[in-house]
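Shown next, in structure tokens, is the structure this report addresses.
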Amino acid sequence: MRTRICYPFILLIALLTTVSCENELPFSVKDNPPKLVMNALINADSLTNVLYLNFTGRGYATHVENATVEVRVNGQLSESLRPLPPQTEGDMQCRFHISSKFTPEDVVRIDALTDDGQYHAWAEVTVPQRPHEIADIDTVTIPMTKYYYTQNFLRYKINIKDRSNEDNYYRLIMDKQMTVKDYNEETGEFVSRTIHRYHFISREDIVLTDGQPTNSDDEDNGMFDTVKNIYGVFDDSRFKNTSYTMTVYNQTDIDGFPEYGTNVKMDIIVRLLSITETEYYYLKALNLVDSDAYDETINEPIKYPSNVHGGIGMIGISTETSKIIHIEKPQR
């Protein structure tokens, strides 16, 4: 499976390099030289993972132009990488394609070195054990109120089992994939297009809400903003060494291809990831930033975990299991 998580890194880089107009502190470039920012969320089963490399700066991040990334697995050099070509004209983002495949318990070290020898950042991560397979998923369509409107949602009861005798950190991804065949007049062929949507509602689930479930009335009254678990992270503290059935919702309507009516193939891929502790707290911090509950004018600055030495950033590696639910007739 592809790693599809780029936005959290862009957001984090912006937050790390923004200087507030209020309470501005003296800034000296000499005393605060740029640092390498190294970020990647790696799927151990994927051969198309991407690592992003930037420099910190005052007010905005700058891009690295010439650097090498070295990937070592259990002390052995697996690959030495140079930056990928720009995705679009004018795109200066420095990206590296990691094609190494990792297995649980592997110790992975990633080094980033600039060609001029001035900067060297590295991170070391132990690949987590794969989660147990999802035992069962029960689905039913129910009417649900969201922001005063009642619509049909698909409810998922997802039964999972914790890995025994260890502290575990997980992530749930609800990958809604919509595929349609479209006729290309230039080539005279039909081509498939697929888009992904990841939004789901977890407000009723005690684990996904850190023991603070809510309902539609709480969401609609607007009096108490709560942190939304946008990135679907949770730990096993409430179901350690046992099973748990979590409840989430999403809509199986056609999002992105309205002109095709119901002539769209839709699959819901329920992905359960084992993630590292650092990645868990990193994504929890992003949940806070992306929720309406955080106000930077009154809340304390958010502290982001980093496992990068000689720089800043976060390198995470996950393993996963998944189940596919085929939606035969998506709603219009």
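Can you list the trypsin sites (Lys or Arg not before Pro) in region 66-167 that are in a DSSP coil and have 16 or fewer other beta carbons within 10 angstrom?
Listed in order of number, the matching sites are Lys101.
In nm, give the distance between the simple-model label positions of Tyr148 and Glu166, each being 7 Å from the Cα along the Cα-to-Cβ direction.
5.0
Considering amide H positions built from the backbone, and no H for Pro or chain starts, which residues 5 or more places from Ser78, or on another chain, come under 5 Å of its amide H?
Val71, Arg72, Val73
In debye to the nearest 20, how big a dipole does region 29-127 give about its Cα centre with +1 on each Lys and Arg Cβ and -1 on each Asp and Glu Cβ?
Dipole of region 29-127, to the nearest 20 debye: 180 debye.
Excluding same-chain residues fewer than 8 positions from Lys181, which lysines have a Cα within less than 17 Å of its Cα?
The reachable lysines, counting only those whose Cα sits under 17 Å from Lys181, are Lys265, Lys329.
Would you pull out the residues with amide H under 5 Å of Asp253's amide H, same chain only if 5 or more places away, H placed 1.01 Å from N?
The list, which skips near neighbours in sequence, is Gln331.
Solvent-accessible area of His120, probe 1.4 Å, all protein chains present, reported in Å² to the nearest ten, please.
80
Put a dot 7 Å past each Cα toward the Cβ at Glu186 and Asp292; how far apart are the dots in nm?
4.3
With +1 on the Cβ of every Lys and Arg and -1 on the Cβ of every Asp and Glu, and nothing else charged, how large is the dipole of region 136-295 about its Cα centre, in debye rounded to the nearest 20?
480
If you plug each phi of region 89-95 into the Karplus form 6.51 cos²θ - 1.76 cosθ + 1.60 with θ = phi - 60°, what whole-Hz ³J(HN,Hα) values come out, in order, with x for Gly and Pro?
4, x, 7, 9, 4, 8, 10
Once phi is turned into θ = phi - 60°, what whole-Hz ³J(HN,Hα) does the Karplus curve with 6.51, -1.76 and 1.60 give for every residue of region 137-145, x standing for Gly and Pro?
10, 9, 10, 7, 8, 9, x, 9, 8
How would you order 238-244, 48-54 from highest to lowest mean count of nearby Cβ atoms within 10 Å?
My ranking of the peptides, most packed first, is 48-54, 238-244.
How much accessible surface does Lys35 have with a 1.4 Å probe, in Å² rounded to 10?
Taking all protein chains as shown, Lys35 has close to 110 Å².
For region 136-295, report the % of Cα-Cα distances exceeding 26 Å.
Considering region 136-295, 37 percent of its Cα-Cα pairs are separated by more than 26 Å.
Tell me which of Thr141, Tyr281, Thr214 sits at the most positive position along the dipole axis of region 136-295, charges placed on C-beta atoms (Lys, Arg +1; Asp, Glu -1).
Farthest along the dipole direction, towards plus: Thr141.
The values are calculated or read from the model by the stated rules, or taken from the named source; none is laboratory data. Model, not experiment: these values are computed from the prediction. Cβ atoms come from the backbone with ideal geometry, glycine included; neighbour counts cover every protein chain shown. Keep in mind that these areas ignore ligands, DNA and RNA; they rest on the heavy atoms of the full protein, side chains included. Shrake-Rupley method; radii C 1.70, N 1.55, O 1.52, S 1.80 Å.
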